[in-house]
């Protein structure tokens, strides 16, 4: 029997509301409350949007599992975009709005948030705004599901462009000179301390150049402060052109500037910059259609010799600057007297070297290369000498390194090659026995553009056949750019010129380059020959070089042979050609004629 049959009342599945006045009023009340709630929510959303707009804050949410991204309208505005133009937001599109330099960092924090649930705070730059690039600060929080997996990453993005610019302007005022834009005294000390720390770690020098303009006060007083300011700005630009980006240039105030040179290897390198500065600031400056000439005095202090902290180095550079003013304007002085002497000697040599070729102060001497079996001269090496008007006769070791550094070695080297070829051709025309002449090529010459064309032109001008010329090159010079070197050497070899490796055994001594380059001859360095009869190691090295030459079918010659015992040992080991004091010292051309005519006596 069912419940109905038993007389039990069964309720309907849903409550039935009778359509009476009370129920109508209840429904109306519910509708009103829902409407008020919806209106309150809309007002709340509007207030939130207004607040975000006023504060420059946008909100966003990223569903990590579906990839969906939500942006508030204010966030679109911050990015310079219209919300209605972007119905669907993709991560790739978002990254396209970011400054490329900031994308890796942004990707990294977003990935960490998605994978490891890490909240983040990051500053990056936006490039999509019509007004130009802006800077934003983005803060993100992570929400995980019941399994501990990241489900949502949400957060806020704040436009901090104005704050960033204000902070930058404050830093500019604190650390930089308002007139020239250069670092001021405060930032200079910070930079100098950092340079000292790096130099201490890397065992390098730091040069501190203290510059004071000569007669600036007179120019400023006579032409007015605006003209003086313009002069200082121009000087600042010229000084910046004299140093590298890694160096620091600062203005202390008035007409005082300081340059900090990092990574300097020698006092000469520092003095080169000082010379460049003095030359550049002494060029005329045009202000208000008026030509102005100025000059400067520079004091130099060098870390670690002249101090190991910024204040001491600046003080000593300042003292050296006053010494420069007292001695003569438009010059520089080192705080260390020893450095001054060294640099002065260099300046004398460099200045006189510029005129040495014109004044015909250079000349060549020739040292015979001998066939020890016959005792006949088989060749000669042309060696450079300088008859300095004040310093007397100078051997290459006194000036070649300077010629290399200044680039003067290129015109000097061309003169040596031309003179040696011309002299050899002249002796042949006189009927003397023809012999080859060996000429050294420096690393700078070897890197010179179209070296092969210069050599070819020299042979044509002098009339010397290529087979009577040998070019000597050091191992280090040919290894600087091996591929390019091989091309040049092959061109020279194709002309019929013989090629020798000078000082073999003291550089790379690699069998690989002997195979790569078309070498004709190896020269055993004098350092191995000197003790060849008493030092088994030197003897072994010399024998090895001779054996290598024989195996590769190369000629070999030993230099620095001074005794018969050395000659006999080398001859016994099949080194036939030699040169050295045993046979003859380097002699001038007029004496070498006699050696060619009469032969050697030893």
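Nothing in this text is a laboratory measurement; each read-out follows from the coordinates by a stated rule. Bear in mind the structure is a predicted one, so any value in this text is a computation, not a measurement. Note that each Cβ is placed from the backbone with ideal geometry, even for glycine, and that neighbours are counted across all protein chains shown.
Return the percentage of antiparallel bridges among DSSP beta bridges fully within the range 176-352, rounded to the nearest 5 %. Roughly 90 percent of the beta bridges in the range 176-352 run antiparallel, per DSSP.
For the range 357-598, give me the percentage of DSSP beta bridges that are antiparallel, rounded to the nearest 5 percent.
On the way: 17 of 40 bridges.
Given both bridge residues lie in the range 357-598, the antiparallel proportion sits at roughly 45 percent.
Based on C-alpha pairs under 8 angstrom that are at least 6 apart in sequence, the range 176-352 has a relative contact order of 26 percent. If you count the DSSP beta bridges with both ends in the chain, what percent of them are antiparallel, to the nearest 5? Within the chain, antiparallel bridges account for around 75 percent of the total. Legend: ranking of residues 321, 479 from fewest to most surrounding C-beta atoms inside 10 Å; resulting order 479, 321. The relative contact order of the chain comes to 7 percent, based on Cα pairs under 8 Å that sit 6 or more residues apart. Does the range 357-598 come out rounded, prolate or oblate, given a ≥ b ≥ c as the square roots of the eigenvalues of its C-alpha gyration tensor, rounded meaning a/c under 1.5 and, failing that, prolate meaning a/b above b/c? Cα axes put the range 357-598 in the rounded bin. From Cα pairs below 8 angstrom and at least 6 apart in sequence, can you work out the relative contact order of the range 379-441, rounded to a whole percent? Dividing the mean separation by the residue count of the range 379-441 yields 46 percent.
The overall shape of the range 265-365, judged from the alpha-carbon gyration tensor, is oblate: a/c is not under 1.5, and a/b is no greater than b/c.
Where does helix 225-240 land angle-wise versus the long Cα axis of the chain, in degrees 0 to 90, nearest 10? On a 0 to 90 degree scale, this one is about 70. When a/c reaches 1.5 or more, the comparison of a/b and b/c decides; with that in mind, is the range 158-271 rounded, prolate or oblate per its Cα gyration tensor? Taking the square roots of the gyration eigenvalues as a ≥ b ≥ c, the range 158-271 is oblate.
Using only the alpha carbon atoms of the range 176-352, find the Kirkwood hydrodynamic radius as the inverse mean reciprocal pair distance, in angstroms to one decimal.
On the way: mean 1/r = 0.0612 Å⁻¹.
It works out to 16.3 Å.
Between the range 204-225 and the range 374-404, the C-alpha centres lie 43 angstrom from each other.
From least to most packed, judged by other beta carbons within 10 angstrom and beginning with the fewest, 232, 261 follow the order 232, 261. For Cα extents along the principal axes in Å, the listed values are (1) 154, 86, 46; (2) 76, 58, 54; (3) 108, 66, 43; which was obtained by calculation from the structure presented? Computing Cα extents along the principal axes in Å and matching it to (1) 154, 86, 46; (2) 76, 58, 54; (3) 108, 66, 43 gives (1).
How much mean residue ellipticity at 222 nm does the chain get from its helices, if each DSSP H run of length 4 or more adds -39500 (n - 2.57) and you divide by all residues, to the nearest 500 deg cm²/dmol? For the chain, the value works out to -14500 deg cm²/dmol. Principal-axis analysis of the Cα atoms of the chain puts helix 103-116 at an angle of about 50° to the longest axis.
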